[in-house]
1. Looking at region 1-17, I want the residues that are free of Cβ contacts under 8 Å to residues at least 12 places away in the same chain and closer than 9 Å to C29 by Cβ and have a partner that is assigned to a strand (DSSP E or B) and open to solvent by less than 70 Å² (accessible area, probe 1.4 Å) with Cβ atoms under 9 Å, at least 6 apart or on another chain. Which pairs are those?
2. Quick check on my filter: what residues within region 41-81 are of a type in the set (S, T, N, Q) and either outside any loop (DSSP other than H, G, I, E, B) or open to solvent by 60 Å² or more (accessible area, probe 1.4 Å) (or both)?
3. Report every pair of residues separated by at least 6 positions or lying on different chains whose Cβ atoms are under 7 Å apart, first residue within region 24-49 and over 15 Å from M4 (Cβ atoms), second of a type in the set (D, E).
4. So which residues in region 1-23 are in a strand (DSSP E or B), within 17 Å of N70 (Cα to Cα) and of a type outside the set (F, W, Y), if there are any at all?
5. Please specify each residue of region 26-40 satisfying the condition of being assigned to a strand (DSSP E or B) and out of contact with any Cys (no Cβ under 9 Å at 6 or more places or on another chain).
Amino acid sequence: MKCMCWICWENAERRTLAGDWVNIKCDACGRYFISREFMRENKGKTLDVEAMRYLISDAMSAGVSPTIGNGTARFVTSRKC
């Protein structure tokens with residue numbers, strides 16, 4: 001099913017649902033699991049694309065499924081000059 005990537009907001013594909021987890025496949029970010037509760041709690045917040053892509057590739061290199069939730073998400077922070 002077509003959807004939007006929660007990391008980069010490009011077109012993606014929702015592969016499966018497993019309990020609270022949604023399996024997303026994005027051509028730019030890769031394949032990852034993201035918590036539906038996490039998505040509801042963080043609507044309007046912007047994930048740090050570079051940090052999240054690194055998390056996904058690092059997890060894949062280690063042979064584990066990348067998961068995005070409260071403990072792993074990295075958000076864009078605004079910096080004041």
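1. Nothing qualifies.
2. T46, S57, S61, S65, T67, N70, T77, S78 - these are the residues of region 41-81 that are of a type in the set (S, T, N, Q) and either outside any loop (DSSP other than H, G, I, E, B) or open to solvent by 60 Å² or more (accessible area, probe 1.4 Å) (or both).
3. Pairs found: S35/D20; E37/D20.
4. Quick first cut of region 1-23, residues in a strand (DSSP E or B) only: 2-4, 11-18, 21-23.
Within this subset, residues satisfying the condition of being within 17 Å of N70 (Cα to Cα) are 21-23.
The answer is V22, N23.
5. G30, R31, F33, I34, S35
The values are calculated or read from the model by the stated rules, or taken from the named source; none is laboratory data. Everything numeric in this text was worked out from a predicted model, so none of it was measured. With ideal geometry, Cβ positions are generated from the backbone for all residues, glycine too; neighbour counts draw on all protein chains shown. Please note that ligands, DNA and RNA were not included when accessible areas were found on the heavy atoms of the full protein model with its side chains. Shrake-Rupley method; radii C 1.70, N 1.55, O 1.52, S 1.80 Å.
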